[in-house]
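Engineer: Below you'll find the structure I mean.
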């Protein structure tokens, strides 16, 4: 009988260690953005790819029609990059899956689609959001706020205002 008791204790210890390890791994991964690093860059596609900001090569793409884009040199200020980094860290972007589709009671069709690719400390991740973009979940609201802030920022820029009008209708 003693050996069954000992095996039971050993299995419980192994189970507790496994649970503790999973907890540590999950908590470390959520804070993986760490501190702002000089290699922080991103590609963000806004409003169904009406605009694409690419800080890897400092460009902005505006979709003019279904088969034609215009590309300009566009450098995001360090201040704005740091604000975006801080927002990504605050919303714990590492918790978002690659193909984000939050639950929602709201169904809007067609709905906006968004795309984010970012690199920090040598690690690159993608968050592609095509479904339920009007979701009322807290995580969806936080991510949408980031995309809306960037969209408003670039639409106020005179360089973007001077680009030709798009012939593509967006919701």
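Engineer: Using a Förster distance of 41 angstrom, determine the FRET efficiency expected from the C-beta separation of residue 18 and residue 130, and round it to 0.05.
Structural biologist: 0.70
Engineer: Now a separate question. On average over all directions, what projected area in square nanometres does segment 44-96 have, based on the convex hull of its Cα atoms?
Structural biologist: Seen from a random direction, the Cα hull of segment 44-96 projects 4.4 nm² on average.
Engineer: So between residue 83 and residue 142, what do we pick up on full extension, going 0.36 nm a residue minus the alpha carbon distance?
Structural biologist: Between residue 83 and residue 142, full extension yields 19.9 nm more.
Engineer: Between segment 117-131 and segment 69-106, how many Å separate their Cα centres?
Structural biologist: 8
Engineer: Still on this structure: Please give, to one decimal in nm, the separation of the simple spin-label points placed at residue 70 and residue 117, each 7 Å out from Cα toward the Cβ.
Structural biologist: 2.5
Since every read-out is calculated from the coordinates, none of them should be taken as a lab result. The shown structure was predicted, so the numbers you read here are calculated from the model rather than taken from an experiment. Note: ideal-geometry Cβ built from the backbone for every residue, glycine included; neighbour counts use all protein chains shown.
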